Each structure stands twice: as structure tokens, then as C-alpha cells.
1. Return the only residue of S33, S19 being of a type in the set (G, A, S), at pLDDT 95 or above, more than 10 Å from the chain's Cα centre (by Cα) and outside any loop (DSSP other than H, G, I, E, B).
2. So D40 fits all but one of (1) on the phi < 0 side of the Ramachandran plot; (2) surrounded by 13 or more Cβ atoms within 10 Å (Cβ to Cβ); (3) touching a strand residue (DSSP E or B) at 6+ places or on another chain (Cβ under 8 Å); what number is the exception?
3. For the range 1-16, enumerate the residues that are in a loop (DSSP other than H, G, I, E, B) and surrounded by 13 or more Cβ atoms within 10 Å (Cβ to Cβ).
4. Somewhere in the range 55-73, is a residue part of a helix (DSSP H, G or I), of a type outside the set (K, R), at pLDDT 95 or above and loosely packed, with under 12 Cβ neighbours inside 10 Å?
Amino acid sequence: MISYDDFKKVDIRVGKILSVEEVPETDKLLKLSVDFGEGDVRQIVSGIKLKVEDPQALVGKKTTFVVNLEPRMIKGFESNGMLFAAGGDEHFSFLVPEKDIPEGSRTN
């Protein structure tokens, strides 16, 4: 269990995926360029390649990301956030806004 105060520290925002590239020499990793509004475009490396049929179909999709994690080097690429999704191998889903809301919108 974590306290409500700890949970409030997690910054979850809507981002629009601008581009997707496969990370060389890996089976699962994709490098995403994500727009969080107001000029905040970040690179996020995510292990979702086997979860999506066509990675390029993600371009233009809005989904949710945790944006206040410390940057992390993954296979030589800096990742500046984490994609928010649910499910496992059999059931996988992006957590997407129900309506078209602006990039950078935060959860409350």
C-alpha cells in the first residue's frame, strides 16, 4: 500500500505519438517520439513491440504516460517516461482518453 500523498507524486499525462522506430537488436523495444503539448516532445522507449500488430499504426494515437520518472538508458537510448497500459500477453490495452483532449492533459 502507498499513501495518497505518494500517489499524488505520479504525473500521468496524455501524449500524442508522433513517430515510432524499432530499437535495433531487440525483440520487444520501440522508440516513441511523444508530444505532451507546449513544445514538450519526449523520447520514450517501451517494450510493446510484440503487443502491437503494426507499430506504425501508433503514429497519431493519444494515450497516457507517466512523465516524472528519472530518465533511464535502455539499449543506448534515453527514455523520458513510461507508457501506461494494462494487461499481459493475452490481453493488452493502451489506457486512452475517452474523448479527444489536448496533449499534456493531466489526470486529477
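1. Values: S33 fails: more than 10 Å from the chain's Cα centre (by Cα).
Step by step, each of S33, S19 is checked, and only S19 is of a type in the set (G, A, S), at pLDDT 95 or above, more than 10 Å from the chain's Cα centre (by Cα) and outside any loop (DSSP other than H, G, I, E, B).
2. Condition not satisfied by D40: (3).
3. If we filter the range 1-16 for residues that are in a loop (DSSP other than H, G, I, E, B), which is where we start, we get 1-3, 8-11.
Correct list: V10, D11.
4. Of the residues in the range 55-73, the ones part of a helix (DSSP H, G or I) are 55-58.
Checking the rest, the ones that are also of a type outside the set (K, R) come to 55-58.
Next, from what is left, pick out any that are at pLDDT 95 or above: 55-58.
Pick out the ones that are also loosely packed, with under 12 Cβ neighbours inside 10 Å and you get 56-57.
Yes; the residues of the range 55-73 include at least one that is part of a helix (DSSP H, G or I), of a type outside the set (K, R), at pLDDT 95 or above and loosely packed, with under 12 Cβ neighbours inside 10 Å.
The values are calculated or read from the model by the stated rules, or taken from the named source; none is laboratory data. Nothing here was measured: the structure is a model prediction, and the numbers come from that model. Neighbour counts run over all protein chains shown; Cβ positions are idealised from the backbone, glycine included.
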